[in-house]
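The values are calculated or read from the model by the stated rules, or taken from the named source; none is laboratory data. Everything quoted here is computed from the prediction, not taken from an experiment. Ideal geometry is used to build each Cβ from the backbone, glycine not excepted, and the neighbour counts take in all protein chains shown.
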């Protein structure tokens, strides 16, 4: 009889498994444990996504703020002695492709020989210079290409005190 009871108990345990014992003990079953685990993972993923969304909004707000500041700065500069020009105001670029957003123009000529003379003077002074051709026939000699407007402004102020850049040197904005 004892053997039958033990065999019956082992048979019941093997058929019903741990969930039966957990239910008898008042503990959650494996299905309930899995549901709780999935809910915790979903809550953690939602919290993580909320943090990512918040960071993306802050990044976008910063980019918008920088764009407004740059536009304001460019507008202020263009009102002050025409320091900033866009290539479209000069008829657009002809053959030269600019790789950076800003460069300092230290001379603009109609005669190619004069532009090449200024180019050689800039290179001799230690600056990498480029001749930019415009559709209206103007040849501009530019130095110090950069994608940072603040750095370009500092460089322009520094260059205006040298023989390389005249007082009417200006910043070309490549849009």
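Quick one: is residue 123 surrounded by fewer than 20 Cβ atoms within 10 Å (Cβ to Cβ) and touching a helix residue (DSSP H, G or I) at 6+ places or on another chain (Cβ under 9 Å)?
no
Inspect the range 108-127 for any residue being within 14 Å of residue 98 (Cβ to Cβ) and not assigned by TED's automatic domain parsing to the domain that holds residue 66 and give the result as yes or no.
Taking the range 108-127 first, the residues within 14 Å of residue 98 (Cβ to Cβ) are none.
No; the residues of the range 108-127 include none that is within 14 Å of residue 98 (Cβ to Cβ) and not assigned by TED's automatic domain parsing to the domain that holds residue 66.
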